[in-house]
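Take a look at the structure below.
The values are calculated or read from the model by the stated rules, or taken from the named source; none is laboratory data. Note that this is a predicted model, so its numbers are computed, not measured. Note: ideal-geometry Cβ built from the backbone for every residue, glycine included; neighbour counts use all protein chains shown.
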Amino acid sequence: MQPDILGLIILVFFIFIFISSAFKIVRPWQRGIVERLGKYSRTVGSGLHIIVPFIEKLDRVDMREQVVDIPPQEVITKDNVVVTVDAVVYYEATDPVKLRYNVANFHLAATKLAQTNLRNVVGDLALDESLTSRETINSKLRAILDVATDKWGVRVVRVELQRIEPPQDVQISMHKQMKAERERRATILEAEGQKTSAILRAEGEKTAAIQVAEGRGQAIERVAVAEGYKIRTLAEGEALGIEKVFAAIHKGKPTDDLIAIRYMEALKAIADGKANKVFLPFEASALLGSLGGIVELFKERLTSHEDTIMEEKPKRMDTSVQSKPSIEPPKK
């Protein structure tokens, strides 16, 4: 009886192994390739799948994005400078069947392919272009690798250059060149700043001088206007005064005797000056003629009050009368 129980246990064990090997689980980021007797049968997605044990085989393919690190390598640029270049390639599987059957070792194949094409791309550029054209190199290399890996069922997502290092002596020369360029730019900027400052200063001085000149001109103009106004006002006042004086004179109807007396007073004021010569206008003879009438007036008054004096000195009075033969009373 014991051999029968042992055989039953062994049978159950084999049945359990058979059933457990028939159930396969595929993860969400995987695809399953089912082979039947060594031949491709079908592709299954994620989840639980049942296969025929010992007849069918399930091989899982990772569909997530993968990274291939390209090791550093020396590349000769177009201008014969040796630089050290390395990069990183990101890819993802698009066809698990091609990825499984068309390439034996994808990582090794992708690494060698990237190294070769990176050497070709960088070799077509000069050192300065390779240092400043990382995006161009990445785009060219990605396009080349994407076409080459298409038959492997892989899509190259992007390629990133990690470093491009020229030799040490070239780096020193580049640093010196960069320093000289920055010093040149600093000198240019300083010169431009001084130039701008001088221009602005000159423009400021010019504007200030113009404003000062305009201020002086306006001041002179206003002073001239004020002086003119003053002169006009004084002239108008004098003219008004003269008009009023003449109007008063004409209204009062002065006689020739009064005019002659005022003229004599004016001559007295003129004679009081420091000048030793007095020029009289030509019309003064006519005014002096009126003095005869004044003398005759005073003569009559003196005759009435001083008859005795006139009787004692008749000759003198005759002489004084004869001393004015040329003075005639003015004609009215």
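Annotations
- When the residues of region 123-167 are filtered to those that are closer than 10 Å to V85 by Cβ and out of contact with any Lys or Arg (no Cβ under 9 Å at 6 or more places or on another chain), the one that is surrounded by the most Cβ atoms within 10 Å (Cβ to Cβ) is I137.
- R155 farther than 25 Å from D128 by Cβ and either assigned by TED's automatic domain parsing to the domain that holds E92 or among the β-branched types (V, I, T) (or both): yes
- Hey, K24 in contact with a Gly (Cβ under 8 Å, 6 or more places away or on another chain), over 30 Å from R158 (Cα atoms) and at pLDDT 85 or above or not: yes
- Flag for S41 being in contact with a strand residue (DSSP E or B) (Cβ under 9 Å, 6 or more places away or on another chain), polar (S, T, N, Q) and either part of a helix (DSSP H, G or I) or surrounded by 13 or more Cβ atoms within 10 Å (Cβ to Cβ) (or both): yes
- Where F54 falls short, out of the listed (1) part of a strand (DSSP E or B); (2) loosely packed, with under 14 Cβ neighbours inside 10 Å; (3) not assigned by TED's automatic domain parsing to the domain that holds L108: (1)
- Long-range neighbours under 6 Å by Cβ, at least six apart or interchain, first residue in the same structural domain as R100 (by TED's automatic domain parsing) within region 32-48, second in a strand (DSSP E or B) and not small (G, A, S): none
- Hey, D146 out of contact with any strand residue (DSSP E or B) (no Cβ under 6 Å at 6 or more places or on another chain) and of a type in the set (D, E) or not: no
Here is a yes/no grid of residues against (1) free of Cβ contacts under 8 Å to residues at least 12 places away in the same chain; (2) in contact with a helix residue (DSSP H, G or I) (Cβ under 7 Å, 6 or more places away or on another chain):
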position: R142; (1), (2): no, no
position: L145; (1), (2): no, yes
position: A198; (1), (2): yes, no
position: K206; (1), (2): yes, no
position: Q211; (1), (2): yes, no
position: V225; (1), (2): yes, no
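- Any hit, region 85-99, residues being within 49 Å of the chain's Cα centre (by Cα), farther than 19 Å from E65 by Cβ and of a type outside the set (G, A, S): yes
- Any chance A22 is touching a residue at least 24 places away in the same chain (Cβ under 8 Å) and assigned by TED's automatic domain parsing to the domain that holds I137: no
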